[in-house]
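What follows is a short report on a single structure.
What follows draws every value from the coordinates through simple rules; no lab data is involved. Just so we're clear, the structure is a prediction, and the values are computed from it rather than from any experiment. Reconstructed Cβ throughout: ideal geometry from the backbone, glycine too, with neighbour counts over all protein chains shown.
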Amino acid sequence: MNTEKNKQSRRKFIRGSVIAGTLLPFMPTDLYSGILSADDTSGPLKVSVFSKHLQFLNYKDMADAAAGIGFDGVDLTVRPNGHVLPERVEVDLPKAIEAIHKVGLASAMITTAVQDANDPVDRKLLETASALGVEYYRMNWLKYPQGKSIPEAIDQFKQTLKDLSFLNKKLNITGCYQNHSGNLAGASIWELWEILKNADQQNMGVQYDIRHAVVEGGMSWKNGLSLIHPHIKILAIKDCVWTKRNGTWIVENVPLGEGMVDFKAYFKLLKEFKIQVPVSLHYEYPMGGAEHGASSISTNKQIVFANMKRDLIKLQQLWQEA
């Protein structure tokens, strides 16, 4: 079961000083308590906003916006072109997390481009994040190399995740690989299940993305969820439809509840599996560039905030109805 109770208890205080040398003020005593309290599926979800969609704001304004909209936390981008650049993680990540905590929000998870346990930049990023109380990170996607068969590549990926999982265990942090539709490794849930086989299951798992699972799984996404659910550490939420443009079928992202994801069936299964992990809400449909993580947007920021509020309300409604 993914209640992560052991991690919640050990995160009630920061283990040591921040890299800069001082503890951050306003650190919550309970950074994140998962989706629900144990054995309770009646309460609302605790939801973080994916900060990719607020990258047109500085740390303070981003945190203020997230709190004002009604989120419980922030899933902070700590990657190239993100809110925090990997090469500046020791300087900027404490600042970003301080801004998040000052408004009473959690900073339980970050989204990164980490993919090599032996890379000094990746290691420093994870060391810094762990010291600041971050519990989960999403790693980079893996690509199938030319000149290797898929089985050969999967063996290589299994070692990559195994090595990262051992580093995660040492640092007291949990890594996640997102299932992403397309030709990246792990697009298929069954493929991802294989890649995870040799990893330490406590410290390496899946950021399960229902939008991508439905795109790749079609009508069999429930089988994939049944297979992978013991490995789920984070849930990523968004919606989409298939549409035809200029004679070509493409996937179009849409506001939550307007697409082909059967959220009531999905949430019912989550409740049955008693999956209790952090939730990251994504906004990939057109919002003046905010959907792509733009540093400046072509629409009024209040429109972006209104869209975020609408989807957050819809998410809680769908959860309660499931």
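For the range 148-201, the spherically averaged projection of the C-alpha convex hull amounts to 3.6 nm².
Taking Tyr136, Tyr144, Tyr285 in turn, the Gaussian network model of the chain (Cα-Cα springs below 10 Å) assigns the largest fluctuation to Tyr144.
Between the listed residues Ile313, Leu192, Tyr283, the Cα displaced farthest toward the positive end of the dipole of the chain, a dipole computed from Cβ unit charges relative to the Cα centre, is found at Ile313. Between Lys271 and Ser188, the contour length at 0.36 nm per residue exceeds the Cα-Cα span by 27.6 nm.
Beta bridges assigned by DSSP with both partners in the chain are antiparallel in approximately 20 percent of cases. Under a 5 Å amide H cut-off, with hydrogens placed 1.01 Å from N, Val254 pairs with Asp239, Cys240, Val241 among residues at least 5 apart or on other chains.
The H on the amide N of Ala187, modeled in the peptide plane, is under 5 Å from the matching H of His180, each at least 5 residues off or on a different chain.
Stokes-Einstein diffusion for the range 192-267, with the hydrodynamic radius set to the Kirkwood value over Cα pairs and evaluated at 37 °C in a medium of 0.692 mPa s, equals 241 µm²/s.
Between Gln202 and Glu321, the contour length at 0.36 nm per residue exceeds the alpha carbon distance by 39.7 nm. Quick one: among Trp249, Trp141, Trp193, which has the greatest mean-square fluctuation in a GNM of the chain with alpha-carbon springs under 10 angstrom? Evaluated over the chain, the most mobile residue of the options is Trp249. Taking 20 Å as the cut-off for C-alpha to C-alpha distance, list the pairs among Lys162/Lys197; Lys95/Lys309; Lys46/Lys222; Lys158/Lys268; Lys222/Lys314; Lys102/Lys301 that go past it. Those over the limit are Lys95/Lys309; Lys46/Lys222; Lys158/Lys268; Lys222/Lys314; Lys102/Lys301. A viscosity of 1.567 mPa s and a temperature of 4 °C, combined with the Kirkwood radius over C-alpha pairs in the Stokes-Einstein formula, give the range 205-322 a diffusion coefficient of 85 µm²/s. Report the charge-dipole magnitude of the chain in Debye, nearest 20, computed about the Cα centre from +1 at each Lys and Arg Cβ and -1 at each Asp and Glu Cβ. Computed about the Cα centre, the dipole is about 300 debye.
Build a GNM of the chain with springs between Cα atoms under 10 Å apart, and of Ser226, Ser107, Ser130 the one that fluctuates most is Ser226.
Can you give the percent of C-alpha pairs in the chain whose distance is more than 36 Å? For the chain, the share of Cα pairs beyond 36 Å comes to 13 percent.
Calculated FRET efficiency, Asn300 to Glu252, Cβ-Cβ distance, R0 = 22 Å: about 0.45 to the nearest 0.05. Over the C-alpha trace of the range 146-249, radius of gyration and Dmax come out as 14.9, 51 angstrom. Where only DSSP H runs of four or more residues are counted, the chain gives -11500 deg cm²/dmol as its mean residue ellipticity at 222 nm, each run worth -39500 (n - 2.57).
Each residue, Arg310 and Ser226, gets one label point 7 Å from its Cα in the Cβ direction; the gap between the two is 3.6 nm.
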